[in-house]
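Values in this text are rule-based calculations from the coordinates and carry no lab data. Because the structure is predicted, anything quoted here is derived from the model rather than measured. Using ideal geometry, Cβ is built from the backbone for each residue, glycine included, and neighbour counts are taken over all protein chains shown.
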Amino acid sequence: MERLTREQRLELYQRAVDKWGFNSQIDQLIEEMAELTLALCKYKRLKTDIAPNKEKIVMDNLFEELADVKMCMEQSCWLFGDEKVLDVFDKKFEKFLGQLNS
């Protein structure tokens, strides 16, 4: 499958809201963030607690959860207002750069 354009993804996000509702999409983001949290914990334990033959499974799961959260975040930014999110992001990034440079 070819990568979808941003416009195509936004259209699909709208269809999801129309089909399942606004609150269910927020619930989905919460669920995906929790799954990413678990995947990151397993990643951190790779070197100590998880058998080496499980590394591929852990990494595949991590990439899947990162993609799920990225998709849900893009939809959430669109739902709440991309421009406002970008404005706040710019301010946060400026602060981050200041911290790096101090």
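Couple of notes before you dig in:
- Neighbour count of at most 15 Cβ within 10 Å plus DSSP loop: longest trypsin sites (Lys or Arg not before Pro)-free window in the chain: 48-102
- Fully extending the segment from ASP90 to GLU2, taken as 0.36 nm per residue of separation minus the present Cα-Cα distance, adds 28.6 nm.
- Two-decimal Rg/Rh across the chain, once Rg and the Kirkwood Rh are taken from alpha-carbon atoms: 1.07
- Top of VAL88, VAL69, VAL58 by mean-square fluctuation, Gaussian network on the chain, Cα under 10 Å: VAL88
- The stretch between ARG45 and LEU66 holds 5.8 nm of extra length on full extension. This uses 0.36 nm per residue minus the Cα-Cα distance.
- Structure-based [θ]222 nm, the chain - -39500 (n - 2.57) summed over DSSP H runs of at least 4, per residue, nearest 500: -28500 deg cm²/dmol
- Sorted by Cβ neighbour density within 10 Å, fewest at the top, the residues CYS41, CYS77, CYS72: CYS41, CYS77, CYS72
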